[in-house]
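Engineer: Would you mind keeping the following structure in view while I ask a few things?
Every number in this text was worked out from the coordinates using simple rules, so none of it is lab data. Remember, it's a predicted structure, so these values are computed and weren't measured experimentally. Neighbour counts run over all protein chains shown; Cβ positions are idealised from the backbone, glycine included.
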Amino acid sequence: MRHTILTLAALLCLGCNAFAAKTIDGKKVTEVKEWVVNSGKKSLDHVSKYDKDGNKIEEIEYDKAGDKKSRTTYKYNANGKCVEEQHFDKFNKLEKTVKIEYNTAGKKSSSKTYLPNGKLKNEHVYEYITE
């Protein structure tokens, strides 16, 4: 039971970059399904897919009725950093593309969001303050 709880806790630590549990019992995790249970009724909430390196490459979100709500794909550079996210609506139509850049220390330096026509929508620049 303790092993199951620890495994579930590790699976909840998902993000754009590689997630915490790349393997379970020596086997590579390729997909994680998240379910919502309300009043004993179980419905699919998210499906996340991973590449051979444990990087999330796709996430599909479902609504309460079980219909696809959105889909996001992720691309990585040679260092395993997420460099692009593509966000699609429930009809699989591209809504936006986010391109992410990193500084020489490997920290996120900027992210630019583009509309489907390629026009820049906005840009975020990251500044790290250290002591």
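Engineer: Among the listed pairs 42/93; 56/81; 99/119; 22/99; 27/64; 42/81, which have their C-alpha atoms separated by more than 22 angstrom in this model? All intermediate terms of the calculation are to be shown ahead of the outcome.
Structural biologist: Numbers: 42/93 28 Å; 56/81 11 Å; 99/119 12 Å; 22/99 25 Å; 27/64 31 Å; 42/81 34 Å.
Among 42/93; 56/81; 99/119; 22/99; 27/64; 42/81, the Cα-Cα distance tops 22 Å for 42/93; 22/99; 27/64; 42/81.
Engineer: Quick one: net charge of residue 99's neighbours, Cβ under 14 Å, K/R +1, D/E -1?
Structural biologist: Values: positive: 75, 81, 96, 108, 112, 119, 121; negative: 84, 85, 101, 123.
Neighbourhood net charge equals +3.
Engineer: A further question on this structure: Can you pull the one-decimal nm distance between simple spin-label points at residue 113 and residue 129, each 7 Å off the Cα toward Cβ?
Structural biologist: 2.4 nm
Engineer: Taking R0 as 35 Å, what FRET efficiency do you get between residue 104 and residue 68 from their Cβ-Cβ distance, rounded to the nearest 0.05?
Structural biologist: Values: r = 39 Å, r/R0 = 1.12.
That pair, residue 104 with residue 68, gives E of 0.35.
Engineer: Still on this structure: Starting from the Cα of residue 41, draw a straight line to each of the aspartates and glutamates and keep only those under 19 Å, dropping any in the same chain fewer than 8 residues away.
Structural biologist: Those aspartates and glutamates meeting the cut-off are 61, 63, 67.
Engineer: Let me ask something else. Residue by residue through region 59-75, which ³J(HN,Hα) values in whole Hz follow from phi under the Karplus form 6.51 cos²θ - 1.76 cosθ + 1.60 (θ = phi - 60°), with glycine and proline marked x?
Structural biologist: 9, 10, 10, 10, 7, 4, 7, x, 8, 4, 9, 6, 9, 10, 10, 10, 10
Engineer: In whole Å, what is the distance between the alpha-carbon centres of region 40-68 and region 86-131?
Structural biologist: Between the Cα centres of region 40-68 and region 86-131 lies a distance of 22 Å.
Engineer: Same structure again: Mind listing the phi-derived Karplus ³J(HN,Hα) values for region 113-123, rounded to whole Hz, using 6.51, -1.76 and 1.60 with θ = phi - 60°, and x for any glycine or proline?
Structural biologist: Karplus-based 3J(HN,Hα) across region 113-123 equals 9, 10, 6, x, 7, x, 6, 5, 8, 7, 9 Hz.
Engineer: Could I ask something else about it? I want to check the label-to-label distance for residue 121 and residue 33. Put each point 7 Å from Cα in the C-beta direction and report it in nm to one decimal.
Structural biologist: About 3.0 nm separates the two model spin labels.
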